[in-house]
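A short write-up of the structure that comes next.
The values are calculated or read from the model by the stated rules, or taken from the named source; none is laboratory data. Bear in mind that the values here come from a model prediction, so they are computed numbers and not experimental data. Cβ: placed from backbone, ideal geometry, glycine included. Neighbour counts: every protein chain shown. Quick note on the areas: whole protein, heavy atoms, side chains included, nothing else; ligands and nucleic acids left out. Shrake-Rupley method; radii C 1.70, N 1.55, O 1.52, S 1.80 Å.
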Amino acid sequence: MKPIHLIPLVASGREPDLARLEHLAVSLARTFQTPCRIRPAAVNIEFAFDPRRGQYYSTAVLQHLERNGDADARVLGVTACDLFVPVLTFVFGEAQLSGNCAVVSTARLGDEYYGLPAREPLLRERLVKEAGHELGHTFGLRHCSDWYCVMASSHAVERLDVKGAQFCSRCRQPVSRNGYW
C-alpha cells in the first residue's frame, strides 16, 4: 500500500495555502486509509506556463512529477495556479490513468473566482473531492455515471457540489484490490 505525498506546486508567487494542504492530507488519509504527508519542498511549475492562455499546462506538470516523483508513493501535486489541457478551457485537475501522479488546482474551486464571497469550507470540500477524483484515476478508474460518486465527471463547480466525496460501490472495488480499505 503506497502512501500519498502532497507536493506544493508554485509559480509567479502563487502557492497553495498550507492550512488547505493540511486539511487535504487528513481527509485523504481518512478516505484512502493510508498515510498522507505534505512534502516540504515545493516544485516550481513556471516551465508549464503558456503566456497566450495565461494558464499552466497540466500534462507538462504531470510529466515533471513522474520524472521526479517517488515511485513508492502516489504523488498529488497541488497548486493555486490555473491549469489547462489544449482541448479544454481549463481543468480542475489531471491524472495519469493507472499511474502514480495526479495534479489539482484550487484556482477555480473558490467562489471568489466567480465574483462571490469566499467560503473556505466549500473550497476545502471541493478540493477534497477533486483530489479524490484524480487519485481515483491513478487506480485506473474512469468517469462514473453515478452523479454522487467522487468519480463522476466535473467540468464546473456546480457538478463538484452535487457529487459526494466517496467512491460508489463499483468504483471502490479496484481501489480495494490495490490494498486500500
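Within the stretch 117-139, residues that are within 13 Å of V150 (Cα to Cα) have Cβ atoms under 9 Å from residues that are among the acidic types (D, E) and surrounded by fewer than 17 Cβ atoms within 10 Å (Cβ to Cβ) in these pairs: E125/D161; R126/D161; K129/D161, counting only partners at least 6 apart in sequence or on another chain.
For P8, the criteria (1) more than 15 Å from the chain's Cα centre (by Cα); (2) open to solvent by less than 80 Å² (accessible area, probe 1.4 Å); (3) modelled with pLDDT of 95 or more hold in every case but one, which is (1). With respect to (1) over 25 Å from V162 (Cβ atoms); (2) out of contact with any Ser or Thr (no Cβ under 8 Å at 6 or more places or on another chain); (3) in contact (Cβ under 8 Å) with a residue 60 or more places away in the chain, the lone exception for R67 is condition (3).
Okay, residues lined up against (1) out of contact with any strand residue (DSSP E or B) (no Cβ under 6 Å at 6 or more places or on another chain); (2) not hydrophobic (A, V, I, L, M, F, W, C):
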site	(1), (2)
Q96	yes, yes
C101	no, no
A107	yes, no
E112	yes, yes
G136	yes, yes
F139	yes, no
S153	yes, yes
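Reported count of residues in the stretch 15-49, each being at pLDDT 95 or above, open to solvent by less than 20 Å² (accessible area, probe 1.4 Å), within 16 Å of D82 (Cβ to Cβ) and not small (G, A, S), is 1.
Within the stretch 74-95, restricting attention to residues that are surrounded by 19 or more Cβ atoms within 10 Å (Cβ to Cβ) and more than 19 Å from D17 (Cβ to Cβ), the residue that is farthest from the chain's Cα centre (by Cα) is F84. Scanning the stretch 158-169 for residues that are surrounded by 19 or more Cβ atoms within 10 Å (Cβ to Cβ) and out of contact with any Lys or Arg (no Cβ under 6 Å at 6 or more places or on another chain) gives K163, F167.
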